[in-house]
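Each value in this text was obtained by applying a stated rule to the coordinates, not by laboratory testing. These figures come from a predicted structure and were not determined experimentally. Methodologically, a virtual Cβ is constructed for each residue, glycine included, from the backbone with ideal geometry; neighbour enumeration extends over all protein chains shown.
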Amino acid sequence: MTRKALRFYAGFYQGSQARLALGAGLSFLRALALLPIPLLVAVAIDDAIANSKTSELVLIGAIILGLTVLSAVIGIASRRVLARVTMKAQAGLREAAVAALLRMSRRSYSKADDGELHDHVLQETKRVEQGTSAIFDDFLPGTVLIIGVSFVLVRMNLILTAVTLLFVPIIFLASRWLGRHVDARIDRDNRSFERFSHSIISMLRSMDLIRIQAAEQVEVERQERAIDRLRHTSINRSVGITMWVTIQQSLVAIAGSAVLIVGGVITIQGSMTLGDLIAFYAAFALLRGPLSVLADRTPFVIEGIQSLDRLYVLLQSVDERPYVGTEPVSLTGSIALSGVSFAYDRNPVLENVSLELAPGTVVGLVGPNGSGKSTIVNLIVGFYRPDEGALSAEGIPYDDLDLTALRRQMGIVPQQPLLRSGSILENILYGRDGISRAQVDEALRLAEAAAFIEDLPDGVDTAIGEDGIFLSGGQRQRVAIARALVHRPPLLILDEPTNHLDRWTVSAVVDNIRSMDHNPAVLLVSHRTEVLAEADVTIDIKDGKVVRVESR
């Protein structure tokens, strides 16, 4: 899976190859600027200091300082270039994740754990970002420097280079062995963190229930268990990473000691000068730095690859929306269901249902709870496609239609009003452009909402909290109706309005809608037959079947 995930991720770098090449080139130049330093150190010791050449020593020191500054400046420029490339790719990855979530079918996201989806978009993409930054900011320049320094070491002393290279396979094998253990520990800790995150989200969404049930202590104990699991996995992760870094750095230090001992013996025997030994050790110090950084940053790369794998699985397994047509339609309110049958997970809900909505007609859909009324609404809205039968709008099959464009012409008020954090005005205008204040005021009047809004301290600019928590159920319902009416839709769907409104308010809203000059079609759904007195056509549904159709 990792290869496919990496190929998928590489696609976000399309068009940035030139910048990547520039960043890699700058990393190479940064390493190149440092390579002469060990050789200059040898000259300084064996020539300038040994022969008391002060001016030469100062010049060499100035050159070393200049090369160090030049390397730092080039390093900053390289990071700037590569950061722009990687952050652009990260933005593309996050946009792809959001787009995938928005493409999910209703069937999929109704079953999904939204806490897990939240983690995929936020936590997983963040870990991919950290792993990518480690590769480009540390691994790329570090690798270039290691290769460059290796050539310098070979040039300076073949025996000491061989001693150094003896430790490479040891470091590699230790890294591979430790990597498997650290990989497993990181994965367990990430999963514990995700479970803890889900637990907190669930708690926040259930605060009223917790207090109603006086279950604060139960919730505290539940969260303590989640925190305790996270504590154990975090300790194991931290210890594992520390072991990784410490062992890698210790192996590098041991290699340095071996170089010092062998080089000292060679120098004592007269096979190399003290300046050459110190220069070689300085070159080895250049090598030691990036090796330590790579050991320190490798866990981030491992974590990033794990997250990329999980993110790729999510993006590739999204159950797409049920309709993919592209034909536009100018809706007048004419919708038809013909011989529709539907089942949720093989549990039959509707059987051979047919009905029609027409401009200027109020259709009442009545039946007991669980009879399939809301499923009919979901089919009309295009959240699901029927297992048998078909739907059409203005005579055009749903399979051919652009369902997003069709929904823009509908006004839909679900059983539970869906409101977002913000003001009443922001909620009414959500998803709509070009709406005037006069249209907002008219929608509030039609929804019987104007009176209560006038009594609010800031009117339509009053903040309503997440899910409209600062409003009553009836007020939320009327705001939702106003949002559905503000763009003067040719089709209005009211699903169980009596959940929060009394029958007289519903009747007043229907009368107001009838007074609109564009004669919209209305589908009024309720389990209470008295609410449907205003309907022109009443359709009784029971156990997923139409049992009676009555016209007034």
Neighbour-count ranking [beta-carbon atoms within 10 angstrom, fewest first] of Ser197, Ser206: Ser206, Ser197
Cα-based convex hull volume of segment 310-351 per residue, rounded to whole Å³: 140 Å³
Kindly put Arg211, Arg79, Arg503 in sequence by how many other C-beta atoms sit within 10 Å of each C-beta, fewest to most. Arg211, Arg503, Arg79
Using only the alpha-carbon atoms of segment 12-152, report the extent along each of the three principal axes, biggest first, to the nearest angstrom. 84, 27, 22
For the chain, take the longest principal axis of its alpha carbons; what is the angle in degrees between that and the long axis of helix 503-514, to the nearest 10 within 0 to 90? 90 degrees
Quick check: convex hull of the Cα atoms in segment 253-307, volume per residue, rounded to a whole Å³? 64 Å³
Cα gyration tensor of segment 401-513, axes a ≥ b ≥ c as square roots of the eigenvalues: rounded (a/c below 1.5), prolate (a/b > b/c) or oblate? rounded
Kindly identify segment 500-540 as rounded, prolate or oblate by the Cα gyration tensor criterion: order the square roots of the eigenvalues as a ≥ b ≥ c, call it rounded if a/c is under 1.5, otherwise compare a/b with b/c, prolate if a/b is larger, else oblate. oblate
Using a Cα-Cα cut-off of under 30 Å, which lysines could be cross-linked to Lys111, ignoring same-chain neighbours fewer than 8 residues away? Lys4, Lys126, Lys373, Lys542, Lys545
How far is helix 274-316 tilted, in degrees, relative to the longest principal axis of the Cα atoms in the chain, given as a value from 0 to 90 rounded to the nearest 10? 20 degrees
Where a label projected 7 Å from the Cα of Asp402 along Cα→Cβ would reach, residues of segment 418-432 with amide N under 15 Å: none
How big is the Rg/Rh ratio for the chain, C-alpha atoms only, Rh by Kirkwood, two decimals? 1.18
List Glu219, Glu95 from most exposed to least, where exposure is judged by having the fewest other Cβ atoms within 10 Å. Glu95, Glu219
Bridge type composition, the chain - antiparallel percent by DSSP, nearest 5: 55 percent
Over segment 33-125, what relative contact order in percent results from Cα pairs under 8 Å that are six or more residues apart? 26 percent
What ³J(HN,Hα) values, in whole Hz, does the Karplus curve 6.51 cos²θ - 1.76 cosθ + 1.60 give for segment 544-552 when θ = phi - 60°, with x put for Gly and Pro? x, 10, 6, 9, 7, 10, 10, 9, 8
Which translational diffusion coefficient, to the nearest whole µm²/s, is obtained for segment 2-316 from the Stokes-Einstein equation, given a Kirkwood hydrodynamic radius over C-alpha pairs, 37 °C and 0.692 mPa s? 143 µm²/s
Residues whose built amide H sits under 5 Å from the amide H of Asp387, excluding neighbours closer than 5 in sequence, are Ser341, Phe342, Ala343
Dmax and Rg, reported as Rg then Dmax, of segment 213-262 (C-alpha, Å): 21.6, 74
Could you please report the charge total around Ala10, scoring K, R as +1 and D, E as -1 over all other residues with beta-carbon less than 14 angstrom from its beta-carbon? +4
